[in-house]
Amino acid sequence: MKSIDEKFMLLAIKEAEKSASLDEVPVGAIIVKDNKVIARGHNLREKSNDPTSHAEINAIRKACKKLGSWRLEDCTMYVTIEPCSMCAGTLLWTRIKRIVYGACDLKGGALGSSFSLFEVKNINHHPEIVGGILQEECGKMMSDFFKEKRK
């Protein structure tokens, strides 16, 4: 039986597949409140020519619009890859309750792989962070995408 985190991560993987189908880096994110998906996002940097159009940022924008608030205090983000510094910083400012990610990002992950944003002294918000949910599936999507790009 799949855990609730695995169930929602599978939905984030579906978002990542949308990115891959657009020849974007396959990262997907969803935001959940009260066990209901309130927002979805996937990478659209190439399509939009916008360096901030990461899956997490796209999902955050939709969630804030839906809730009518920039605060996501009672929400959880599920994202297929460990958030980068921009996305982790944005999640900090939303006051999100939990961040659940799939695979680590050794080159840019800001939740422990490259550095730990939420361990910075005097930071005013500390969400619960859970990593490694469906890590193999999430990591394989990334490695397969970049193998194909190198061909």
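The values are calculated or read from the model by the stated rules, or taken from the named source; none is laboratory data. Just so you know, these numbers come straight off a predicted model, no measurement behind them. Backbone-built Cβ (ideal geometry, glycine too); neighbour counts: all protein chains shown. Protein only, heavy atoms only, side chains kept; ligands, DNA and RNA dropped before computing areas. Shrake-Rupley method; radii C 1.70, N 1.55, O 1.52, S 1.80 Å.
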Taking first residues from the stretch 126-149 that are within 28 Å of LEU72 (Cβ to Cβ) and second residues anywhere that are of a type in the set (Val, Ile, Thr), the pairs with Cβ under 6 Å that are 6 or more apart or on different chains are PRO127/ILE96; PRO127/ILE99; ILE129/ILE99; VAL130/VAL100; ILE133/VAL100; CYS138/THR80
If we ask which residues in the stretch 1-59 are outside any loop (DSSP other than H, G, I, E, B) and either open to solvent by less than 50 Å² (accessible area, probe 1.4 Å) or at positive phi (or both), their number turns out to be 25
Let me confirm something: among ILE60, ILE129, ILE99, ILE38, which residue is closer than 22 Å to LEU22 by Cα and among the aliphatic types (A, V, I, L, M)? ILE60
Determine which member of the set SER113, SER19, SER48, SER85 is under 27 Å from PHE146 (Cβ atoms) and without any contact (Cβ under 8 Å) to a residue 24 or more places away in the chain. SER48
So which residues in the stretch 112-144 are out of contact with any helix residue (DSSP H, G or I) (no Cβ under 6 Å at 6 or more places or on another chain), open to solvent by less than 60 Å² (accessible area, probe 1.4 Å) and either at positive phi or not hydroxyl-bearing (Ser, Thr, Tyr) (or both)? GLY112, PHE118, ILE123, PRO127, VAL130, GLY131, GLY132, CYS138, GLY139, MET142
So if I check each of SER53, SER48, SER69, which one is in contact with a Lys or Arg (Cβ under 7 Å, 6 or more places away or on another chain) and at pLDDT 95 or above? SER53
Starting from residues that are of a type in the set (Asp, Glu) and open to solvent by 10 Å² or more (accessible area, probe 1.4 Å), keep the ones in the stretch 71-107 and report whichever is farthest from ASN122 (Cα to Cα). ASP105
